[in-house]
Amino acid sequence: MESDFINKTIERSSVQLCKADFESDQMVKWCPGCGSHAILNAVERVFPKIGYRKENFCMVSGIGCSSRFPYYVNTYGIHGIHGRAAAIGTGVKVANPKLSVWIATGDGDSLAIGGNHFIHIIRRNVDVNILLFNNQIYGLTKGQYSPTTPMGRVTKTSPMGTIEHPFNIGELVMGAEGTFFARVPDNNLNLLTEAMFEAAKHDGTAIIEVLQNCVIFADKAHNDITGKDTKDENMLILKNGDPMIFGKNKDKGLRLNGTKIEVVEIGKNGVTENDILVHDQYDQDPGIQLMLAKLAPPKFPMVFGVIRSAMFPTFDDLVEDQIKYAKETSKIKCVDDLLNSGETWEIK
Amino acid sequence: MTKKKRNVVERDSVVVKFVGDSGDGMQLSGNIFSDSAAVAGNDLATFPDFPAEIRAPQNTVPGVSGFQVHLGSKKIFTIGDLCDVIVAMNPASLKANLNWAKKGATLILDVDAFDEKSIEKAGYKSNPITDGSLNSYQVIPAPITSLTKGSLKEMDVDNKTAERSKNMFALGMLYFIFNRDLKQAISYFEIKFKKNPRLIDINTVVLKAGYAFADTIEAVESTISIPPAKMEKGKYRDINGNLATAWGLLAASEKSGRPLFLGSYPITPATDILVELAKWKSLGAKVFQAEDEIAGVCSAIGASFTGAMACTTTSGPGFSLKSEAIGLAVMTELPLIIVDVQRAGPSTGLPTKSEQSDLMQALYGRNGECPVIVIAASTPEDCFYYAFMAAKLSMEHMTPCIFLTDGTLGFGSALFKIPKMADLPPINPPLAKPNDPDYKPYRRDPETLVRQWAIPGTEGLRHRVGGLEKENIIGSVSTDPANHQLMVDLRAAKVEKVADFIPEQEIDGDKEGDLLVVSWGSTYGAVHIAVQQLKAEGKKISHAHFKYIMPLPKNTEKVLKGFKKIVVCELNSGQFVQYLKAKFPKDNYHQVNKVQGLPFTITELTEKFNQLLEEK
Ligand SMILES: Cc1ncc(C[n+]2csc(CCOP(=O)(O)OP(=O)(O)O)c2C)c(N)n1
Ligand code: SF4
Ligand SMILES: [Mg+2]
């Protein structure tokens, strides 16, 4: 990993930082075996690699198990209220673009109560990184279904199975004009840190959906995909510029057939590697990326890694540009100027 | 036509209202007229009366738009209960406003607009000009529309433009009646229509035609002169409360060196503050139009964490949405300025009408023990100073401050003596120093109980804040019962200590007497005048108008002590009086309340006060 591409407005550390620089002295209170531990580990490893001064990281969160995150990383941090992390994070970043803002949030926090803020931060393309802990359940409140719980799942509030259609987060992100979306499992440290690094490199709202295991209330919810026995056939890990190949024997791939994606076997029916779709995460047109984000077993593998990272202007940059221009061109330079502008008269 | 020699009648104050259809340009003529009064040295207050609908049907009562001006040779405190002069451009506007005319008031009516259809649309059964129903007024019938068109005959002006300039004909008539210099209006046109010089000519011609017409007709029996008011020397401008609030916030930002961040969502009557601040990027104001009020306040809290002077502006319904987040700012002990331009509620209520009914919500409307500073402005111009104070107190005391104004203040204008930034008090937020080895998130100044503001990016101060209860001094999450009690007490004591930094409550009048009139907010003008009138009659009555509500000034109990009776006047069902009763229980509180979306009139106040003075 190189940090050359990282945002230039944020001041870099003059010394090499390490994991210990970001470990907090607080007791981590997640359940043993909770997937969140792995995410914390990845963050503590990737922050020194990103290389900003340690004071320039700011963690923001809402409410939920996942939202305890800021207490466990030694950075500036604000633990907010339920659903509002994206709104608080927007304020942090817009007020001070020289901070690297990381939002930790849950599927309930961002997609239920905070759905409005979630789509709008994405639409505006505020330059923050959002770690969305998707455990398909409300953890902190002990096991109610969430907007990502698969239809039919029995939870505390769906004793007969849910009758709600869940969100596909990638589809939602791209529907909201998202510029960056990655999906990673909580059990692959490399993939986690790589996606976080890519998110840091990306200028704009970066959403990382982490398939996180809640051992208590939705254990093994992602096992059909990310489990030891299933992952080879059900996970396709994208790499920019590489053909989309998966399977235990690396003999399956995705091919575009008309307007649809299909799974083909390389070497069979005349299919060669040249027929396989090549991943372009930087494509501004989200067409293929959106199709990829929606793929799911049993017919398809689920795709992982950075699905989309397209370049578009960021909200915070545009705010700064307008302010700079206004300061250069306006006649009103201070409040005294303002108070005395327009129609005034003297009483003698 | 022969010109008539007329008497000049001197008056110390006059209330004029311009009314017409939404498209008739009444706001503009009203504004120019009030400027002419200001330039001539009168004091004044104005209030625009917008229809609730953007495009109500033409010539109907819901489509009426108005502009009221109260001008005088003495200090003007209100926009005036009743009007001396009404200029009505159509039957609907006459119908909607005749209730506000004094007995014998002058009515200038565009007779051309009183055709059968418009009369019917306005809800009249017959023409009020001819059916005798206006006999107790002094009616000046003027064919304004036709004379406007006539005056433009030689200029080859299209019908629509001619129609649209008839407001200037009416204005010209008033310039004659009030002995104003036309030059002022013409120079106004020259600025306003700089890009379209033809409009300067058109408006000037029509204005002069109106002036000349008034000079020729019999109905104008005399003209009015209002001598200049005795006003403090200095440079003045017109300001409305929303503008003053926006500028007060900008002033506080400049003074404190903390960049202004506003997170807000449009809502009547607070929107204009958002609109105004959005203009001042050149002063570094970062204005974020959020997706809703919750995002507005939450983005402000995020900005505050980074060291910005963070504000959010709203009105009642939006204020409700912000409640939970205000609690977060209380818990994290971050500065946050919440401006609530109150309107008539509950729910959507009467969006364009004013009320003081959010006081209890400001004081208590959050979960948990959640004290904040609450202050209220009294006049459009002091919105500037109290917005400034709200920001100062919030930042210096690291606590949210709710600043209450209302629609009457927000839309109402008054003359504003332009202050100099150098004369405003300093604002010194308690910023933590880089690498301070003793820094702890919840270590407090022993005197003020204020914690320090440690700004992200600063070396050696990394820390976490949040909505979970924190351990005293250290700032780690704590569920310890005794610690929670301590922190609740500390947050309350911190807000109470603000009382050491605000002025004592003033009494207008003697410190003892039969009746103390208590008020707060936009009712100041009406209550003040009512009290002055009774005082002039020799009654033992005094007035205490509160600006600092939480905490109350330290001498409040003493102020209340010296009177046989206390009467608390407010435009709600009795919120401030409940608050005072809870703090200072006594059995001599009385109250005057009104919840009609309308301000107090002076007469209704004096009647109540007299009643209380007479009763044993
Ligand atoms: C306004 C508000 N409503 C409800 C709650 C209760 N609550 C806390 S966390 C939570 C859901 C958490 O689910 P998720 O966001 O998926 O986080 P997880 O615990 O699964 O990480 C709820 C409903 C709250 N704290 N605040
Ligand atoms: S309840 Fe679930 S999500 Fe929450 S800490 Fe435990 S395992 Fe993790
Ligand atoms: Mg969850």
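The values are calculated or read from the model by the stated rules, or taken from the named source; none is laboratory data. As the structure is a computational prediction, the values presented were derived from the model and not from experiment. For neighbour counting, all protein chains shown are included, and Cβ atoms are generated from backbone atoms with ideal geometry for every residue, glycine included. Side chains included, ligands, DNA and RNA excluded: accessible areas come from the protein's heavy atoms. Shrake-Rupley method; radii C 1.70, N 1.55, O 1.52, S 1.80 Å.
Comparison of A:LEU277, A:LEU292 shows that the only residue that is more than 14 Å from every other protein chain (Cβ to nearest Cβ), under 19 Å from A:ASP242 (Cβ atoms) and under 23 Å from the mean Cα position of the chain (by Cα) is A:LEU292. Could we say that A:ALA95 is on the phi < 0 side of the Ramachandran plot and either more than 8 Å from chain B (Cβ to nearest Cβ) or not hydrophobic (A, V, I, L, M, F, W, C) (or both) here? When the stated conditions are applied, A:ALA95 does not pass them.
Run down B:ILE217, B:ILE239 and say which single residue is away from every other protein chain (no Cβ under 14 Å) and in contact with a strand residue (DSSP E or B) (Cβ under 9 Å, 6 or more places away or on another chain). That would be B:ILE217, the only listed residue that is away from every other protein chain (no Cβ under 14 Å) and in contact with a strand residue (DSSP E or B) (Cβ under 9 Å, 6 or more places away or on another chain).
Taking segment B:186-226 only, how many residues are over 15 Å from B:SER151 (Cβ atoms) and of a type in the set (Gly, Ala, Ser)? Qualifying residue count for the region: 4. Segment B:270-376 holds helices (runs of 4 or more DSSP H) entirely within its bounds, and those carrying 3 or more residues that are within 14 Å of chain A (Cβ to nearest Cβ) and surrounded by fewer than 21 Cβ atoms within 10 Å (Cβ to Cβ) map to B:323-332.
As for segment A:194-202, it holds no residue that is open to solvent by less than 10 Å² (accessible area, probe 1.4 Å), touching a His at 6+ places or on another chain (Cβ under 9 Å) and modelled with pLDDT of 95 or more. Screening segment B:257-269 for residues that are of a type in the set (A, V, I, L, M, F, W, C) and within 21 Å of the chain's Cα centre (by Cα) and picking the one that is least open to solvent (accessible area, probe 1.4 Å) gives B:LEU262. Taking first residues from segment A:155-178 that are under 10 Å from A:ILE119 (Cα atoms) and partners that are among the small types (Gly, Ala, Ser), the Cβ contacts under 7 Å between residues at least 6 apart in sequence or on separate chains come to A:MET174/A:ALA293. The set of residues in segment A:328-348 being at pLDDT 95 or above, at the interface with chain B (Cβ under 7 Å from one of its Cβ atoms) and surrounded by 14 or more Cβ atoms within 10 Å (Cβ to Cβ) consists of A:SER330, A:ILE332, A:VAL335, A:ASP336, A:LEU338, A:LEU339. Scanning segment A:282-291 for residues that are without any contact (Cβ under 8 Å) to a residue 60 or more places away in the chain and not acidic (Asp, Glu) yields A:TYR282, A:GLN284, A:GLY287, A:ILE288, A:MET291.
Filter segment A:106-137 for residues that are within 16 Å of ligand 2 (Cβ to nearest atom) and farther than 15 Å from A:ALA176 by Cβ and give the result. Listed by number, the residues that qualify are A:GLY106, A:ASP107, A:GLY108, A:ASP109, A:ALA112, A:LEU131, A:PHE133, A:ASN134, A:ASN135, A:GLN136, A:ILE137.
Considering every residue within segment A:158-168, establish whether at least one is away from ligand 3 (no atom under 16 Å from the Cβ), away from chain B (no Cβ under 14 Å), open to solvent by 60 Å² or more (accessible area, probe 1.4 Å) and touching a Pro at 6+ places or on another chain (Cβ under 8 Å). Taking every residue of segment A:158-168 in turn, none turns out to be away from ligand 3 (no atom under 16 Å from the Cβ), away from chain B (no Cβ under 14 Å), open to solvent by 60 Å² or more (accessible area, probe 1.4 Å) and touching a Pro at 6+ places or on another chain (Cβ under 8 Å). Scanning segment A:141-154 for residues that are surrounded by fewer than 19 Cβ atoms within 10 Å (Cβ to Cβ) and either within 14 Å of chain B (Cβ to nearest Cβ) or away from ligand 2 (no atom under 11 Å from the Cβ) (or both), we see that the one that is farthest from A:HIS222 (Cα to Cα) is A:GLN144. Inspection of segment A:29-39 identifies no residue that is within 16 Å of ligand 3 (Cβ to nearest atom), within 14 Å of chain B (Cβ to nearest Cβ) and either surrounded by 21 or more Cβ atoms within 10 Å (Cβ to Cβ) or within 17 Å of the chain's Cα centre (by Cα) (or both). Do we find a residue being at pLDDT 95 or above, open to solvent by less than 40 Å² (accessible area, probe 1.4 Å), within 22 Å of B:SER413 (Cβ to Cβ) and in a strand (DSSP E or B) anywhere in segment B:242-256? No, segment B:242-256 has no match at all. When segment A:203-216 is limited to residues that are open to solvent by 10 Å² or more (accessible area, probe 1.4 Å) and β-branched (Val, Ile, Thr), the one that is farthest from ligand 1 (Cβ to nearest atom) turns out to be A:VAL215. A search for C-beta distances below 6 Å between a residue of segment A:47-74 that is more than 12 Å from chain B (Cβ to nearest Cβ) and more than 12 Å from A:TRP102 (Cβ to Cβ) and any residue that is open to solvent by 10 Å² or more (accessible area, probe 1.4 Å) and in a strand (DSSP E or B), counting only pairs 6+ apart in sequence or on different chains, returns A:GLY51/A:ARG12. Of all residues in segment B:486-522, those satisfying the criterion of being assigned to a helix (DSSP H, G or I) and either closer than 22 Å to B:PHE77 by Cα or open to solvent by 20 Å² or more (accessible area, probe 1.4 Å) (or both) are B:LEU486, B:VAL488, B:ASP489, B:LEU490, B:ALA492, B:ALA493, B:GLU496, B:LYS497, B:ASP500, B:PHE501, B:GLY521, B:SER522.
Every residue, every condition in (1) among the β-branched types (Val, Ile, Thr); (2) over 22 Å from A:ASN96 (Cα atoms); (3) surrounded by 20 or more Cβ atoms within 10 Å (Cβ to Cβ), yes or no:
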residue: B:ASN428; (1), (2), (3): no, no, no
residue: B:PRO441; (1), (2), (3): no, no, yes
residue: B:ALA454; (1), (2), (3): no, no, yes
residue: B:GLU459; (1), (2), (3): no, no, no
residue: B:ARG462; (1), (2), (3): no, no, yes
residue: B:GLY466; (1), (2), (3): no, no, yes
residue: B:ASN472; (1), (2), (3): no, yes, no
residue: B:SER478; (1), (2), (3): no, yes, no
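One line per residue, one yes/no per condition, for (1) under 30 Å from B:THR245 (Cβ atoms); (2) open to solvent by less than 10 Å² (accessible area, probe 1.4 Å); (3) of a type in the set (Ser, Thr, Tyr); (4) out of contact with any strand residue (DSSP E or B) (no Cβ under 9 Å at 6 or more places or on another chain):
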| residue | (1), (2), (3), (4) |
| --- | --- |
| B:HIS528 | yes, no, no, no |
| B:ALA536 | no, no, no, yes |
| B:PHE546 | yes, yes, no, no |
| B:PRO551 | yes, yes, no, no |
| B:LYS558 | no, no, no, yes |
| B:PRO585 | no, no, no, yes |
| B:HIS590 | no, no, no, no |
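Whenever a residue of segment A:301-322 is touching a residue at least 24 places away in the same chain (Cβ under 8 Å), its partners that are open to solvent by 10 Å² or more (accessible area, probe 1.4 Å) and acidic (Asp, Glu), lying with C-beta atoms within less than 6 angstrom and at least six residues away or across chains, give the pairs A:VAL306/A:GLU198; A:THR314/A:ASP127; A:THR314/A:ASP203; A:ASP316/A:ASP127.
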